[in-house]
Amino acid sequence: MQIDFAQTVYEDIDALASIRVRAMRESLSRIGRFNADVARARLAETFDPLTCRFIVVDGSKVGVIDVRERAAHILIHHLYLLPAYQGVGIGSTILRQILADARRLGLPVITGALHGSEANRFYIQHGFVKTGSKDVDNYYVYLDAERK
């Protein structure tokens with residue numbers, strides 16, 4: 001399986017939102033908050049084509065990744081995979097690279113995950129620690145073992 005990334009542009013917002021909606025539908029439905037228009041709007045309001053990429057597997061656009069490097073941390077702003085591509089190692093491969101970059105830079109990695117989403121288990125399995133909750137999200141941090 002070949003994992004690549006493709007740069008996004010403003011005109012990609014509908015395709016990106018479609019991936020986000022499909023990736024989150026089950027989790028949002030489980031907590032009674034699924035609304036495709038709201039999911040699209042939340043993505044659009046913070047969309048930055050300089051940091052957002054399509055996740056491309058064997059030539060097909062199957063996900064979205066948006067990682068933002070800040071002075072004090074690296075933020076995983078978005079990481080979505082279409083349901084058929086979840087649980088097969090793609091997210092883990094991408095996350096390992098992000099964590100390696102963070103170690104090289106000496107920065108912690110922070111992210112959030114919707115309550116009830118499988119993403120919570122995913123981040124905990126990869127060494128993230130829950131730092132809090134607000135509204136419908138849980139928040140996590142990954143500190144390299146040498147920084148803990």
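Identify the residue in the stretch 120-138 that is out of contact with any helix residue (DSSP H, G or I) (no Cβ under 7 Å at 6 or more places or on another chain) and of a type in the set (A, V, I, L, M, F, W, C) and, among all such residues, is nearest to Glu26 (Cα to Cα).
Among residues in the stretch 120-138 that are out of contact with any helix residue (DSSP H, G or I) (no Cβ under 7 Å at 6 or more places or on another chain) and of a type in the set (A, V, I, L, M, F, W, C), the one nearest to Glu26 (Cα to Cα) is Val136.
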Check: Which residues, taken from the stretch 94-140, are closer than 17 Å to Val64 by Cα and touching a residue at least 40 places away in the same chain (Cβ under 8 Å)?
Finding: Ile94, Leu114, Ser117, Glu118, Ala119
Margin query: Considering only residues that are in a strand (DSSP E or B) and surrounded by fewer than 11 Cβ atoms within 10 Å (Cβ to Cβ), which ones fall in the stretch 120-146?
Written below: Gly132, Lys134
Next item on the list: Quick one: in the stretch 94-119, of everything that is in contact with a helix residue (DSSP H, G or I) (Cβ under 6 Å, 6 or more places away or on another chain) and not in a loop (DSSP other than H, G, I, E, B), which residue is farthest from Asp4 (Cα to Cα)?
Entry: Leu114
Next item on the list: Could you please let me know if Ala23 is under 29 Å from Leu143 (Cα atoms), among the aliphatic types (A, V, I, L, M) and modelled with pLDDT under 95?
Entry: yes
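The values are calculated or read from the model by the stated rules, or taken from the named source; none is laboratory data. Fair warning: this is a prediction, and the values are worked out from it, not measured in the lab. With ideal geometry, Cβ positions are generated from the backbone for all residues, glycine too; neighbour counts draw on all protein chains shown.
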